[in-house]
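What follows is one structure encoded as structure tokens, with my remarks underneath.
Just so you know, all these numbers are worked out from the coordinates, no wet-lab data involved. Just so it is clear, the model here is predicted, and its values are computed rather than measured. A quick note on method: Cβ atoms are made from the backbone with ideal geometry, for glycine too, and the neighbour counts reach across all protein chains shown.
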Amino acid sequence: MNGRFLLDTNIVISIFAKDPQIHNRIANVAEIFVPCIVIGELYFGAHKSVKIQENIARIDEFALSNTILSCNAETAKRYGDIKNRLKDKGHPLPENDIWIAAIAQQYELTLVTQDSHFNAIDNLKIEAW
């Protein structure tokens, strides 16, 4: 499987859990990217965990070994468009997920997620792993 993929938080958590299905799929991918929002969600989860320092160290290592995509003015423009379209549809999504979708669209990446609510976003390439 070739392509350029952006990982959602639930996929990174599956990587940390050593899910063999996710590891097999990633092994066959050309390029993997991670939104900065996902890294923030992971750190939030680490601070709520029992093993705070161990989890923070794991996230630090993961962040250093992957390409992290940040938000900029173009991301914000896409975020505003996506959020407005969802509002018009009467279909709100979690704020962080709108930012993640905006990054995926901005860089023309396929979002890898286990969350079906991303299907409500127009012009977003998605794969459910």
**Message:** Could you list Val29, Val12 so that the one with the fewest beta carbons within 10 Å of its beta carbon is first and the one with the most is last?
**Reply:** Val29, Val12
**Request:** Using only alpha carbon pairs under 8 Å that are at least six residues apart, calculate the relative contact order of the chain and give it in whole percent.
**Result:** 29 percent
**Message:** Over segment 84-129, what is the relative contact order in percent, taking alpha-carbon pairs closer than 8 angstrom and at least six residues apart?
**Reply:** 35 percent
**Asked** What order, most packed first, do the peptides 71-81, 107-117 have when packing is the mean number of other Cβ atoms within 10 Å of each residue?
**Response** 107-117, 71-81
**Complete:** In whole angstrom, largest first, the equivalent ellipsoid semi-axes that the Cα gyration tensor gives for segment 8-57 are 22, 13, 8
**Asked** If each of Asn28 and Ala76 carries a label point 7 Å out from its Cα toward its Cβ, how far apart are those two points in nm?
**Response** 4.1 nm
**Fill in**
The summed charge of the Gly45 Cβ neighbourhood (under 12 Å; Lys/Arg +1, Asp/Glu -1) stands at +2
**Prompt:** What is the list of residues in segment 71-86 whose amide nitrogen lies under 18 Å from a point 7 angstrom out from the Cα of Ile15, following Cα to Cβ?
**Reply:** 71
**Prompt:** Counting only pairs 8 or more places apart or on different chains, how many lysine pairs in the chain have C-alpha atoms closer than 22 Å?
**Reply:** 8
**Message:** Under a crude label model (7 Å from the Cα following the beta-carbon direction), how far is Ile52 from Arg4 in nanometres?
**Reply:** 3.9 nm
